[in-house]
Amino acid sequence: MDEKDANPATIAAQALGWIDETTRAVSPGLHVSSTYVRDVDNGYRSGRAYARADNPAFDQPEAVLAALEHGAAAMLFASGVAAATACFLALKPGDHVVAPKVMYWSLRHWLMTFARDWGLDVELVDMTDPDALKRAMRLGKTRLVWAETPANPLWDITDIASAATIAHEAGARLAVDSTVATPVFTQPIALGADIVMHSATKYLNGHSDLVAGALIARADDEYWQRIKSVRLQIGAILGSFESWLLLRGMRTLYPRVKTAGANAQKIAEHFAGHARIAQVLYPGLPDFPGHAVAARQMKGGYGAMLSIRVKGGEQAAIGAAAKVQVWKRATSLGGVESLVEHRASVEGANSPCPPDLLRLSVGIEDATDLIGDLEQALKA
Ligand SMILES: Cc1ncc(COP(=O)(O)O)c(C=O)c1O
């Protein structure tokens, strides 16, 4: 069987089955060279000249990501933010872009400040409402629709297939931040998206020990080449060791994410209707507003991110977070260890995040330990 035709968990576990031809090693060597020797006739027949452009350390992780996301090509970046901003910097000043009101706060901040100053016409919409997206589109002017699903920190669900149709009808592309869904639960390109973005810092690596980003493209077209040129020209590249670590992390993507997702479902169900919780926000709960769309486009689980709103407001939420012992009080998400964060403290003014909200990144520990620890923290 060709490795590319294998099931995704097999592709990830075997990193496409590559074996180093010189050493027969199943794990690739660490390529650290910054430069490559020219041929005597001044050419570069190896295809590589300088590591800011072509680092062999990128080849295997990029190939694995393209296979898992059903894309034509993938690119690694220095961070998730570097990957996301490259999609916007590959546009031209004056272009109109549409992004969600609920999204990763730091990228929203960048769009409202740097991107606007640079000349992009940025419009924020309620991405859960296809009519709102339709109304925002400007034929021939809108170049990019940015979606994030499930979206930080309320876990809003965007209907990817419908957003792709709306974007394409107006001549725009759809890019999806699929960091939280991961390729395990959602394949945006198969649903019509043009670009998939990941903060590889999170689930793809999975061990809270590197910062990285990735883009995967439906087509290796002129826009993709512009993104490639942005990466080269601003130097937003991942280091060799981080690329190697990311490939190692991705080998366990499927069992990690499935376990974390099952834990999250248990935790959400346990705390829904709990005496000290005002609301549990999780796409896997049947009364969650985006549940029906999530059930259609997410396969095998609803992700491992959820939020709880603590009765008693901001101080009660911060107080509960102060008492956890198993959960770690930290930002970020997608590691094997569970994290809790009072999100409004991070996002500051202009955030849609309510002050009583704790964001939970559920890891792969025993679910009873996680539930028991939250119970004691809420009671304390
Ligand atoms: C959904 C989402 N997208 C993008 C990012 C940015 O990624 P990075 O921190 O790797 O730059 C994050 C980081 O928290 C995130 O949660």
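The values are calculated or read from the model by the stated rules, or taken from the named source; none is laboratory data. Remember, predicted model here, so these are calculated numbers, not experimental data. Here Cβ is always computed from backbone atoms with ideal geometry, including for glycine, and neighbour counts include all displayed protein chains. The area values use the complete protein model at the heavy-atom level, side chains included, leaving out ligands, DNA and RNA. Shrake-Rupley method; radii C 1.70, N 1.55, O 1.52, S 1.80 Å.
General remarks:
- Restricting Leu238, Leu210, Leu204 to residues that are touching a strand residue (DSSP E or B) at 6+ places or on another chain (Cβ under 6 Å) and farther than 29 Å from Arg296 by Cβ narrows the list to Leu238.
Table: residues versus (1) within 14 Å of the ligand (Cβ to nearest atom); (2) more than 22 Å from Ala260 (Cα to Cα); (3) surrounded by fewer than 24 Cβ atoms within 10 Å (Cβ to Cβ); (4) in contact (Cβ under 8 Å) with a residue 40 or more places away in the chain.
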position: Val326; (1), (2), (3), (4): no, no, yes, yes
position: Gly334; (1), (2), (3), (4): yes, no, no, yes
position: Leu339; (1), (2), (3), (4): yes, no, yes, no
position: Glu347; (1), (2), (3), (4): yes, yes, yes, yes
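- All positions within the range 171-188 that are open to solvent by 10 Å² or more (accessible area, probe 1.4 Å) and more than 15 Å from the ligand (Cβ to nearest atom): Gly171, Arg173, Val184, Gln187
- Among the strands (runs of 3 or more DSSP E) confined to the range 70-130, the ones with at least 1 residues that are within 12 Å of the ligand (Cβ to nearest atom) and modelled with pLDDT of 95 or more are located at 73-77, 96-100.
- Yes/no for Arg52 being in contact with a Gly (Cβ under 7 Å, 6 or more places away or on another chain), open to solvent by 40 Å² or more (accessible area, probe 1.4 Å) and farther than 28 Å from Glu3 by Cβ: yes
- Residue that is exposed (fewer than 15 other Cβ atoms within 10 Å of the Cβ), touching a residue at least 12 places away in the same chain (Cβ under 8 Å) and not polar (S, T, N, Q), where the choices are Gly119, Gly47, Gly80: Gly119
- The lone criterion from (1) of a type in the set (S, T, N, Q); (2) open to solvent by less than 40 Å² (accessible area, probe 1.4 Å); (3) more than 16 Å from the ligand (Cβ to nearest atom) left unmet by Asn42 is number (2).
- Selection count where residues are outside any loop (DSSP other than H, G, I, E, B) and over 26 Å from Asp221 (Cα atoms), scope the range 27-69: 1
- Looking only at the range 203-224, and only at residues there that are more than 10 Å from the ligand (Cβ to nearest atom) and of a type in the set (Gly, Ala, Ser), the one that is most open to solvent (accessible area, probe 1.4 Å): Ser208
- Taking the conditions (1) farther than 23 Å from Leu238 by Cβ; (2) surrounded by fewer than 21 Cβ atoms within 10 Å (Cβ to Cβ) in turn, Ala73 satisfies each one other than (1).
- Selection of the range 14-25 for residues being open to solvent by 50 Å² or more (accessible area, probe 1.4 Å) and touching a helix residue (DSSP H, G or I) at 6+ places or on another chain (Cβ under 8 Å) yields Gln14, Trp18.
- For the range 50-71, a residue qualifies if it is under 26 Å from Leu191 (Cβ atoms), out of contact with any strand residue (DSSP E or B) (no Cβ under 6 Å at 6 or more places or on another chain) and hydrophobic (A, V, I, L, M, F, W, C), and the qualifying residues are Ala63, Val64, Ala67, Leu68.
- Test for Ser243: is it over 17 Å from Ile157 (Cα atoms) and either in contact with a Lys or Arg (Cβ under 6 Å, 6 or more places away or on another chain) or assigned to a helix (DSSP H, G or I) (or both): yes
- Selection over the range 93-111 of residues that are without any contact (Cβ under 8 Å) to a residue 24 or more places away in the chain and open to solvent by 30 Å² or more (accessible area, probe 1.4 Å) gives a count of 1.
- The set of residues in the range 175-234 that are of a type in the set (Asp, Glu) and in contact (Cβ under 8 Å) with a residue 40 or more places away in the chain comprises Asp177, Asp220.
- Test result for Gly284, within 16 Å of the ligand (Cβ to nearest atom), at negative phi and either buried (at least 21 other Cβ atoms within 10 Å of the Cβ) or without any contact (Cβ under 8 Å) to a residue 40 or more places away in the chain (or both): no
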